[in-house]
Amino acid sequence: MIIYGLKNCDACKALLKAQPQSELVDVSITPVPENILNKSIEIFGEKLINKKSTTWRKLDIKTREQKPFEIIRRYPKVMKRPLIKLTSGDLLLGSKALKD
């Protein structure tokens, strides 16, 4: 399982602690691979952007109107976390998704 998130994100840290065999990819250092990001946007759409985040609130209107792919590429911290890629290849968004 690969967890795309931030090393300082509480949800990502908790998930990594619960799933120690997982790999954490810090999106502020290593961008989400293009194919994974595209598939995530296809599945989750606008939900992939955390509109409650400080990063989102600091964006100007013109930037907010861009496509999710472009916003996340320029501002990776705006992505809702964690984005989880299971070994099956399936994608989940948020640590609560594992419990469902």
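The values are calculated or read from the model by the stated rules, or taken from the named source; none is laboratory data. All figures in this text were calculated on a predicted structure; none of them were measured in a lab. Here the Cβ is made from the backbone with ideal geometry for all residues, glycine too, and neighbour counts use every protein chain on show. Please note that ligands, DNA and RNA were not included when accessible areas were found on the heavy atoms of the full protein model with its side chains. Shrake-Rupley method; radii C 1.70, N 1.55, O 1.52, S 1.80 Å.
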Item to check | Positions within the stretch 1-43 being open to solvent by less than 60 Å² (accessible area, probe 1.4 Å), closer than 21 Å to Phe69 by Cα and aliphatic (A, V, I, L, M), in sequence order | outcome: Ile2, Ile3, Leu6, Leu24, Val25, Val27, Val32, Ile36, Leu37, Ile41
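Taking the stretch 42-88, which residues are of a type in the set (S, T, N, Q) and either within 18 Å of Ile2 (Cβ to Cβ) or within 13 Å of the chain's Cα centre (by Cα) (or both)?
First, the residues of the stretch 42-88 that are of a type in the set (S, T, N, Q): 50, 53-55, 63, 66, 87-88.
The answer is Asn50, Ser53, Thr87, Ser88.
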Checklist entry - In the stretch 44-90, what residues are assigned to a loop (DSSP other than H, G, I, E, B) and open to solvent by 80 Å² or more (accessible area, probe 1.4 Å)? => result Lys51, Lys52, Asp60, Glu65, Lys67, Lys80, Thr87, Ser88, Asp90
Next on the checklist: Filter the stretch 91-100 down to the residues that are within 14 Å of the chain's Cα centre (by Cα), more than 17 Å from Asp26 (Cβ to Cβ) and either small (Gly, Ala, Ser) or in a loop (DSSP other than H, G, I, E, B) (or both) and list them by number.
Outcome noted: Gly94, Ala97
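Quick one: is Thr30 at pLDDT below 95 and in a loop (DSSP other than H, G, I, E, B)?
Numbers: at pLDDT below 95: no; in a loop (DSSP other than H, G, I, E, B): yes.
Considered against the rule, which asks whether it is at pLDDT below 95 and in a loop (DSSP other than H, G, I, E, B), Thr30 comes out as no.
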